[in-house]
Amino acid sequence: MTESIGAEATSGSIRHPVQLTPMQVPKASDVLADDLRERILRGEFPEGTALPPERELVAQTRMSRTTVREALRILEVQGLVQIRTGRAGGAFVQRPGEESIASTVSLIIRGRQVRLAALLETREAIEPACAQLAAKYRTDIDLAVLDRANAAIEAEGSLADFLQANVDWHVGVAMASHNELLIGFMGALSRAIYASTDNQGFIDAVVRETTARAHRNITDAIRKRDGAAAVRRMTRHVHEYASAVLEVEERTEIEVPGD
């Protein structure tokens, strides 16, 4: 018969003590950061407004100045506040944007050493949706961004210039979707993928011309608001690119350089 927790369990003539998992007590700074984060996300502190001054938070919470500062630093790292110094300084509320998403995804890619094949598969799944939404929601400003990137891709610049223009175009398509999550994901994916193909052995004159032609065709579909054509052309483009990359890339993991 098994006794209750806190006693000992009997198995024949041998008594086995029950092992209890130690309780994890959160740090005071984490508790305060969690509380302030929820209040910010609920809209209790609108964007652009300042949180209560440090000395006021110390008085309200009865926590040390060091704990309060650590909590504010946590929120700053998460992109929820901006710390300003000086007489008019303080912790000012800001909403996390696309770059916050991109930074988080980039950390996951680097920290988990995500395989290049997995990055390409993710882009094949996401980018046609970006193109479809871009065809639906694009503005004249969005088209100007894509046109500038296409002009840079077609120019006879350096490999670094070509890769940057390529990233700018793919991120530009995501921007034209006006979907914050897709913009963040594509920012991280594009940087990671192109950082791993920065070599003359893959990017040659044929690849440049093929890329330029595909981008022109997809941009044309987005310009005409032809979502079906945009999806079809983008699907073909990213699939052909992925197949070509994997033919020349023998490694299974990549290390993405920091920004």
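The values are calculated or read from the model by the stated rules, or taken from the named source; none is laboratory data. Computed from a predicted structure; not experimentally measured. Note: ideal-geometry Cβ built from the backbone for every residue, glycine included; neighbour counts use all protein chains shown. Only protein heavy atoms, including side chains, enter the accessible area calculation; ligands, DNA and RNA are left aside. Shrake-Rupley method; radii C 1.70, N 1.55, O 1.52, S 1.80 Å.
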Charge context of Ala129, other residues only, Cβ under 12 angstrom, K/R +1, D/E -1: 0
In nm, spacing of pseudo-spin labels at Thr139 and Arg39 (7 Å Cα→C-beta vector): 3.4 nm
Share of carbon and sulfur in the accessible heavy-atom surface of the range 110-256 [1.4 Å probe, %]: 51 percent
The range 103-108 - phi-based ³J(HN,Hα) in whole Hz, Karplus 6.51/-1.76/1.60, Gly and Pro as x: 5, 5, 5, 4, 4, 5
Efficiency of FRET from Cβ geometry, Asp220 and Ile108, R₀ 41 Å, rounded to 0.05: 0.75
Å² of accessible area per residue within the range 27-129, as computed with a 1.4 Å probe and no ligands counted: 60 Å²
GluC sites (Glu not before Pro) restricted to the range 95-181 and DSSP loop, no more than 14 other C-beta within 10 Å: Glu156
3J(HN,Hα) from dihedral phi, the range 231-239, Karplus parametrisation 6.51/-1.76/1.60, rounded to Hz, x for glycine, proline: 5, 4, 6, 5, 4, 5, 4, 5, 5
